[in-house]
């Protein structure tokens, strides 16, 4: 990274730390694990945003990537990454590849990432971008994420980066006992909140709300009418 990018990244990380502290009364996460901080430092966010938005690559806000989709706000990426409790040997399923930024962050923390993107053009672009940047432990497929990716299940963690009224049952089924699923739940009319679902060793699930969020809708959900 150049000196300017490094400076912008450090400023962004400071903003993320401040926002983590400010929202800790809701999230229960006052700080990020150092592994997560290092993962954020290692991913060149400017490589995951359109050329015309390079000047905003390290702004702490979501950015459009085409097809009605966005690359998530860095604070939200950091928080969701922290909430799935990534471990070095984990196999993780991501729903909503987008530009591939979140998958790249996860790739620095876990053994394998399987990522589904319903917009075929975005899936192809993300696959090529991740390959070019050396993320060999990420596999991207164009498909409907609400059905998951059963061939590689069960997963130690599942992250969904688009909102639906309910957590799809197929994703809960594909979560390994002891695993964690993080997903925004709700709709554009009644609001959304970020949820954390955990499954114990007996297969019983527990779900909790973390904080209000705004995500694009999960394409392919039963009541969905616009792009993921």
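Every residue, every condition in (1) in a loop (DSSP other than H, G, I, E, B); (2) touching a helix residue (DSSP H, G or I) at 6+ places or on another chain (Cβ under 8 Å); (3) farther than 22 Å from residue 71 by Cβ, yes or no:
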position	(1), (2), (3)
178	no, no, yes
182	no, yes, no
185	no, no, no
197	no, yes, yes
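Assess whether residue 207 counts as being part of a loop (DSSP other than H, G, I, E, B), at negative phi, surrounded by fewer than 16 Cβ atoms within 10 Å (Cβ to Cβ) and over 14 Å from the mean Cα position of the chain (by Cα).
Against the criterion (part of a loop (DSSP other than H, G, I, E, B), at negative phi, surrounded by fewer than 16 Cβ atoms within 10 Å (Cβ to Cβ) and over 14 Å from the mean Cα position of the chain (by Cα)), residue 207 does not qualify.
Looking only at the range 45-65, count how many residues are in contact with a helix residue (DSSP H, G or I) (Cβ under 6 Å, 6 or more places away or on another chain) and either more than 28 Å from residue 131 (Cβ to Cβ) or part of a loop (DSSP other than H, G, I, E, B) (or both).
The qualifying residues number 3.
Determine if the range 70-81 includes at least one residue that is buried (at least 22 other Cβ atoms within 10 Å of the Cβ), part of a strand (DSSP E or B) and either at pLDDT below 95 or within 12 Å of the chain's Cα centre (by Cα) (or both).
Yes, some residue in the range 70-81 is buried (at least 22 other Cβ atoms within 10 Å of the Cβ), part of a strand (DSSP E or B) and either at pLDDT below 95 or within 12 Å of the chain's Cα centre (by Cα) (or both).
Of all residues in the range 129-168 being in a helix (DSSP H, G or I) and in contact with a helix residue (DSSP H, G or I) (Cβ under 9 Å, 6 or more places away or on another chain), which is nearest to residue 86 (Cα to Cα)?
Step one: of the range 129-168, the residues in a helix (DSSP H, G or I) are 129-132, 145-147, 150-152.
Next, from what is left, pick out any that are in contact with a helix residue (DSSP H, G or I) (Cβ under 9 Å, 6 or more places away or on another chain): 129-130, 132, 145-147, 150, 152.
Working: 129: 23, 130: 19, 132: 24, 145: 20, 146: 22, 147: 22, 150: 20, 152: 17 Å.
Across the range 129-168, the extreme among qualifying residues is 152.
What residue, of 227, 126, is in contact with a strand residue (DSSP E or B) (Cβ under 7 Å, 6 or more places away or on another chain), farther than 16 Å from residue 85 by Cα, at pLDDT 95 or above and not in a strand (DSSP E or B)? Give the steps one after another, and end with the answer.
Working: 227 fails: at pLDDT 95 or above.
Going through 227, 126 in turn, the sole match is 126.
If residue 87 passes every condition in (1) within 23 Å of residue 35 (Cα to Cα); (2) part of a helix (DSSP H, G or I); (3) in contact with a strand residue (DSSP E or B) (Cβ under 9 Å, 6 or more places away or on another chain) but one, which one does it miss?
(2)
I'd like to know if the range 193-200 contains one or more residues that are modelled with pLDDT under 95, on the phi < 0 side of the Ramachandran plot, under 16 Å from the mean Cα position of the chain (by Cα) and buried (at least 21 other Cβ atoms within 10 Å of the Cβ).
No: the range 193-200 contains no residue that is modelled with pLDDT under 95, on the phi < 0 side of the Ramachandran plot, under 16 Å from the mean Cα position of the chain (by Cα) and buried (at least 21 other Cβ atoms within 10 Å of the Cβ).
Residue 92 versus (1) in a helix (DSSP H, G or I); (2) within 21 Å of residue 140 (Cβ to Cβ); (3) touching a residue at least 40 places away in the same chain (Cβ under 8 Å): which is the lone unmet condition?
(1)
Among the residues of the range 95-121, write down those that are within 12 Å of residue 145 (Cα to Cα) and part of a strand (DSSP E or B).
Passing the criteria: 95, 114, 115, 116, 117.
Restricting attention to the range 137-152, does a residue exist that is free of Cβ contacts under 8 Å to residues at least 40 places away in the same chain and under 22 Å from residue 78 (Cβ atoms)?
Yes, that holds for at least one residue.
The values are calculated or read from the model by the stated rules, or taken from the named source; none is laboratory data. What you are looking at is a predicted structure, and each value in this text was computed from that prediction instead of being measured. Note: ideal-geometry Cβ built from the backbone for every residue, glycine included; neighbour counts use all protein chains shown.
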